[in-house]
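Only one structure is covered here, and it is reproduced in the block below.
The values are calculated or read from the model by the stated rules, or taken from the named source; none is laboratory data. What you see is a predicted model, and the numbers here were worked out from it, not measured in a lab. Counting neighbours? That spans all protein chains shown, and the Cβs are built from the backbone with ideal geometry, glycine included. Heads up: the accessible areas ignore ligands, DNA and RNA and are worked out on the full protein's heavy atoms, side chains in. Shrake-Rupley method; radii C 1.70, N 1.55, O 1.52, S 1.80 Å.
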Amino acid sequence: MTSKNAEGCITMAASPPARRRRDPQRRIAEIVEATQRVIAARGIEGLSHRVVAEEAGVALGATTHHFASKDELIQAALQQTYDQYAGELQEWAAQRPTLTPEQLTVLLADALVSSFGPDRGADEIVEVELYTAALRRPALRPLVDKFTQATTGLLARYVDPSTARAATAAMNGLSLTGLAGAQPPTRDEVEDTLRRILTPNPSLPTTTQPLSTCTQGPGRQ
């Protein structure tokens, strides 16, 4: 576009700035990540559309547009937490194609004890929030099952199915005690518990019940 200045010279008018294209998928991802952070910091009961909008740095209407209810926010955040968990387990197993029971005991103890300390990640807290929230929200229970199945599926790469299920149950209990209890289990206590489960016991009958199809994929704990 051209125009004349006061001296009669022709000048080029500045073009208006191009509008920034909205990326709905990016906005959704930002809201979901903010929801994860809010759950880790405040718990599910401290979650609201307004709090998530403030955390994400977006307008309140953006959160309600993409997630009509609080439960939809929770479901999306916890699903993403599971997806991240499953991906971590895939990578963990790929780097360790074979492990002895003792090696597995030590590595699992490393992971559990680190999740109890001050440097623990937000994911561990979000997972505990998921378990407790599922008591009141039945719609979340399939996600709880996916976490459990993922962990059992990982362990079944190294031990028999019955041992994998027993170790998963023990790890869930140790995680809950370590994160929510006044005094987390010590490293020696964690190793002793896992070693008693993972060490082969000839006096026990050989398991004949395989894992179901849904538990054989990778997953975390």
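Pairs are defined by a Cβ separation below 6 Å, a sequence spacing of at least 6 or placement on different chains, a first member in the range 78-105 that is closer than 24 Å to Arg37 by Cα, and a second member that is open to solvent by 60 Å² or more (accessible area, probe 1.4 Å) and basic (Lys, Arg); the pairs so defined are Tyr82/Lys146. When the residues of the range 118-131 are filtered to those that are of a type outside the set (A, V, I, L, M, F, W, C) and touching a residue at least 12 places away in the same chain (Cβ under 8 Å), which remaining residue is surrounded by the fewest Cβ atoms within 10 Å (Cβ to Cβ)? Per the stated criteria, the residue is Arg120.
Restricted to the range 176-187, and to residues there that are assigned to a helix (DSSP H, G or I), touching a residue at least 60 places away in the same chain (Cβ under 8 Å) and open to solvent by 20 Å² or more (accessible area, probe 1.4 Å), the residue that is nearest to Gly117 (Cα to Cα) is Leu179. Exactly one residue among Thr105, Thr81, Thr98 is closer than 25 Å to Thr193 by Cα and surrounded by 14 or more Cβ atoms within 10 Å (Cβ to Cβ), and that residue is Thr105. Test Gly61 against the criterion of being among the small types (Gly, Ala, Ser), at pLDDT below 60 and more than 25 Å from Thr132 (Cα to Cα), and give yes or no. No.
Taken together, the residues in the range 41-73 that are open to solvent by 30 Å² or more (accessible area, probe 1.4 Å), closer than 19 Å to Glu127 by Cα and not in a helix (DSSP H, G or I) amount to 1. Scanning the range 84-95 for residues that are open to solvent by less than 20 Å² (accessible area, probe 1.4 Å) and not aliphatic (A, V, I, L, M) turns up just one, Tyr85. The residues on offer are Gln90, Gln84, Gln103, and the sole one that is assigned to a helix (DSSP H, G or I) and under 12 Å from the mean Cα position of the chain (by Cα) is Gln84.
Quick grid of which residues meet (1) under 17 Å from Thr81 (Cα atoms); (2) at pLDDT below 85; (3) of a type in the set (D, E, K, R); (4) open to solvent by 50 Å² or more (accessible area, probe 1.4 Å):
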| residue | (1), (2), (3), (4) |
| --- | --- |
| Pro142 | yes, no, no, yes |
| Ala150 | yes, no, no, no |
| Asp160 | no, no, yes, yes |
| Glu189 | no, no, yes, yes |
| Asp192 | no, no, yes, yes |
